[in-house]
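Down below is the structure, laid out as structure tokens.
Just so it is clear, none of the values below were taken in a lab; they were calculated from the coordinates. Remember, predicted model here, so these are calculated numbers, not experimental data. No Cβ is skipped: glycine too gets one built from the backbone with ideal geometry, and neighbour counts run over all protein chains shown.
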Ligand code: IPM
Ligand code: MN
């Protein structure tokens, strides 16, 4: 029998990126044995370490490593590289699922009864908007100034709208669209999404001003199903997701292009304060890797990992970011990996 083989481009980056990626790969190798597929890895440099070595935050050699792979597993960077990587492969779809876990419900600062059953999929546009519009610094009679431009082609809004509508159709059928049309009328997200939504009679489209949406996410998170947002608004709103689940260290993401090739990264940063201390939570990276396996059609492996994840958290094991009550057991990054390996054997 042929076993499936996959090549992962591994870009650990900096800070805790290195530890959480290593931890995740160890777990992935075990689940590959259990479910009879093969993993190969190819390491690339990105961010500061790439700059030091190649004079570029996202060198051509790294781009080549990525283009040969079946998926890219990414850690974190502090400056440079990531936006270039997203743009290079046109990863315009950024999926950020936010689901509260029963055993971690006390970790959020919000009240329990507002959190149970929260299950939101953020769909963030990732290769346009203010991150990529015309920008610069200049000088006029009033002095120095800077600018970044929020620009979207209508087709860019429509193509991400279609992904979000497909997502809503597979879920509970509600699509909330973040916009700011009272101040930014030339970016008519509502109108454009509604045009695409004509082909989706079973999806309810709910446009919402992004400021109000931020408030509603805190006061009524159970309301939401799929939330569609542009690049900047999606960045800001998805961190609120971290507050809902209790730690941003738990959240993963998948960034996909038109052909389904993807970049998988936790939504947290490099956390220099705890880097190298064996304290980082690898679950956000593992969650991202699980999205990669799902994308490859290795759904059974995802189920095994989810089972292990649920067991370990239910048994009270907590990394530093999640530990706050003494009835729980504080574990290091390495110890958490060992728990996964035991669960998967
Ligand atoms: C994220 C990060 C990045 C972003 C930064 C590092 C540029 O915050 O992935 O959410 O804003 O996209
Ligand atoms: Mn962010």
Inset, instruction - Report the residues of segment 263-292 in range of a label on residue 315: point 7 Å along Cα→C-beta, backbone N strictly under 17 Å from it. - result: 282-283
Inset, instruction - Mind giving me the nanometre distance, one decimal, between the label points for residue 140 and residue 172, set 7 Å out from Cα along Cα→Cβ? - result: 4.7
Inset, instruction - Jot down the per residue volume, in cubic angstrom and as a whole number, of the convex hull over the alpha-carbon atoms of segment 109-245. - result: 124
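Residue separation times 0.36 nm, minus the C-alpha to C-alpha distance between residue 148 and residue 34: what's the value?
Difference between extended and current length: 36.2 nm.
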Inset, instruction - Quick one: pull the percentage of alpha-carbon pairs in the chain with a separation above 28 Å. - result: 44
Legend entry - Sorted by Cβ density within 10 Å, fewest first, the residues 84, 45: 84, 45
Inset, instruction - Using the number of other C-beta atoms within 10 angstrom as an exposure proxy, rank 141, 60 with the fewest first. - result: 141, 60
Legend entry - For segment 149-278, share of DSSP beta bridges that run antiparallel, in % to the nearest 5: 35
Legend entry - the chain - mean residue ellipticity at 222 nm from DSSP helices (-39,500 (n - 2.57) per run, n ≥ 4, rounded to 500): -12500 deg cm²/dmol
Inset, instruction - Provide the FRET efficiency to the nearest 0.05 for the residue 2-residue 328 pair, computing r from the beta carbons and using R0 = 45 Å. - result: 0.55
Inset, instruction - Any chance you could run the full-extension gain for residue 184 through residue 61? It's 0.36 nm times the residue separation minus the Cα-Cα distance, nm to one decimal. - result: 40.3 nm
Inset, instruction - Kindly state, to the nearest 0.05, the FRET efficiency for residue 300 paired with residue 209, given R0 = 41 Å and r defined as their beta-carbon distance. - result: 0.45
Legend entry - Sequence of 155, 296 once ranked by neighbouring C-beta atoms within 10 Å, starting from the fewest: 155, 296
Legend entry - Euclidean distance of C-alpha centroids, segment 135-206 and segment 72-106, integer Å: 19
Inset, instruction - Give me the number: length gained by fully extending residue 162 to residue 202, i.e. 0.36 nm times residue separation minus the C-alpha to C-alpha distance, one decimal in nm. - result: 13.1 nm
